[in-house]
Amino acid sequence: GAVVSQHPSWVICKSGTSVKIECRSLDFQATTMFWYRQFPKQSLMLMATSNEGSKATYEQGVEKDKFLINHASLTLSTLTVTSAHPEDSSFYICSASAGQAGGYNSPLHFGNGTRLTVT
Amino acid sequence: AQSVAQPEDQVNVAEGNPLTVKCTYSVSGNPYLFWYVQYPNRGLQFLLKYITGDNLVKGSYGFEAEFNKSQTSFHLKKPSALVSDSALYFCAVRDMRASNTGKLIFGQGTTLQVKP
């Protein structure tokens, strides 16, 4: 089945530093990847839609200069949390579709998430 | 607006008993519905989907879901629960509006607790 690999699985960083999270589709090409954020015992909040070769589309209220997304290839998208602060501590999850671009029949496949703790 | 509601924060069931996790949706047009399961500190695992066809959809790990158009529901079911089914379950609908690239809209999540 389609596998999405997310790295690192957890990271601790100091306030003011930047952290990069990678999301790879291992056995399929993903034109579109999605980045979610999840707070404890809450649902997933979509942060942005990452499109290969173009700028990401951010959801309302998400700071694009703080959460930099790059989707340079069909198998890799990265999320960089810049100048991280303790309130950025959260669980970040990426997902991708194995179907054609905009193939709504295909389920999204999720990475295992990254637990970010900013001290 | 596209939305999904899971009215129960938690469902408790004894092992071996049937389980139901409820989900209702509100969409414009035909719904593309999904169920996912999440174990602690992990991503989401796909269980099943409804796109079209039979209202009863069978998925992974013995789960199934029934699509009911008149009640706008897509409840997740399993005939006999296992302790290992204890997890957080999400119902989701694919946003089919042209400008939204098929993003998933999630319900609030329901914690399933199966007791031995």
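Here, each number is a calculation from the coordinates, and none is a lab measurement. These figures come from a predicted structure and were not determined experimentally. Backbone-built Cβ (ideal geometry, glycine too); neighbour counts: all protein chains shown.
Quick look at the numbers
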quantity	calculated
FRET efficiency for A:Thr117 and B:Ser86, using Cβ-Cβ distance with R0 set to 25 Å, rounded to 0.05	0.45
Whole-Å distance, taken between Cα centres, linking segment B:49-94 and segment A:10-40	28 Å
Calculated over segment B:23-116: convex hull of Cα atoms, volume per residue (Å³)	106 Å³
FRET efficiency, A:Asp65 to A:Lys14 (Cβ-Cβ, R0 22 Å, nearest 0.05)	0.65
Spin-label model distance (nm) - A:Ser54 vs A:Val3, 7 Å beyond Cα toward Cβ	3.1 nm
When each of A:Lys66/B:Lys69; B:Lys22/B:Lys103; A:Lys41/B:Lys49; A:Lys66/B:Lys49; B:Lys77/B:Lys103; A:Lys41/B:Lys103 is checked by Cα-Cα distance, pairs over 30 Å	A:Lys66/B:Lys69; A:Lys66/B:Lys49
Ordering of B:19-27, A:2-10 by packing [mean C-beta count within 10 Å, highest first]	B:19-27, A:2-10
Partner chain coverage, peptide B:85-92 - average Cβ within 10 angstrom	1
Computed E for B:Lys58/A:Gln42 - FRET, C-beta separation, R0 30 angstrom, nearest 0.05	0.55
DSSP beta bridge pairing in the protein assembly as shown, given as percent antiparallel to the nearest 5	90 percent
